[in-house]
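To start, the structure under review is shown below, and the notes come after it.
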Amino acid sequence: MIGQGGGNPDGAPASAASAALDAAARGEVANFKPRPTPVPVPDFAFEGASGEKLDLGHFRGKLVLLNLWATWCGPCREEMPELDRLQAELGSDRFEVVAISVDREGQALARDFLEKVGAKSLGFYIDPAARANFTLGAFGLPTTLLISPQGEEIGRMVGPAPWASEDAKAFIEEALRLYAPAPNS
């Protein structure tokens, strides 16, 4: 088990959704820290697979698991196949794993790594200037944020997690229920 339990990082009273998500953050994802209430995520630019300029607005309307990683980060390297499996299993019009490489060496290094680990389900995103780290206050890698369909940070985890585990999938399914319910729910 990686974590010791969720918990409110600010000590403020949590909303009902935050409390429910905190309760769901157990086992393999127990280190996820929900915010008492979601806060807007500052925007930043990054590149897509063809070098096109993107920002988080591109994913508005989906629950996003945003992961900042680099090829030189050992825990990131271990986590990437897990994120790929999570995207393969739960990715949809309601949920997407957005893994952004902050490798300064550019696209070739990150692409080669993803190919070596067999990542086929993740989109390719890179921020070679690592603006995301500073903009999001991500001072360790990997850092993973859960972002609501409205573009607000629901919470975050610093450090790796087995994102393809049953605990992680149950956690994401609870987040979908709370923040991005299916149209007929």
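Worth pointing out:
- Leu83, sole failed condition from (1) over 15 Å from the mean Cα position of the chain (by Cα); (2) touching a residue at least 60 places away in the same chain (Cβ under 8 Å): (1)
- Filter result (under 27 Å from Pro183 (Cα atoms), in contact with a Gly (Cβ under 6 Å, 6 or more places away or on another chain) and either open to solvent by 30 Å² or more (accessible area, probe 1.4 Å) or at pLDDT 95 or above (or both)) within region 17-31: Asp22
- Qualifying residue in region 120-142 (condition: surrounded by 16 or more Cβ atoms within 10 Å (Cβ to Cβ), of a type in the set (Val, Ile, Thr), touching a residue at least 24 places away in the same chain (Cβ under 8 Å) and farther than 21 Å from Arg26 by Cα): yes
- Selected residue (only one of Ala182, Ala170 is open to solvent by 20 Å² or more (accessible area, probe 1.4 Å) and modelled with pLDDT under 95): Ala182
- Neighbours by Cβ (under 9 Å, 6+ apart or cross-chain): first from region 50-64, within 22 Å of Tyr179 (Cβ to Cβ) and free of Cβ contacts under 8 Å to residues at least 24 places away in the same chain; second assigned to a loop (DSSP other than H, G, I, E, B) and open to solvent by 20 Å² or more (accessible area, probe 1.4 Å): Asp55/Asp43; Asp55/Ala45
- No other residue among Pro160, Pro149 is buried (at least 19 other Cβ atoms within 10 Å of the Cβ), under 27 Å from Ala45 (Cβ atoms) and of a type outside the set (A, V, I, L, M) apart from Pro160.
- Exactly one residue out of Gly61, Gly91, Gly74, Gly48 is more than 18 Å from Lys120 (Cα to Cα) and either open to solvent by less than 40 Å² (accessible area, probe 1.4 Å) or among the hydroxyl-bearing types (Ser, Thr, Tyr) (or both), and it is Gly74.
The values are calculated or read from the model by the stated rules, or taken from the named source; none is laboratory data. Being a predicted model, the structure only gives us computed values, none of them experimental. Backbone-built Cβ (ideal geometry, glycine too); neighbour counts: all protein chains shown. The area values use the complete protein model at the heavy-atom level, side chains included, leaving out ligands, DNA and RNA. Shrake-Rupley method; radii C 1.70, N 1.55, O 1.52, S 1.80 Å.
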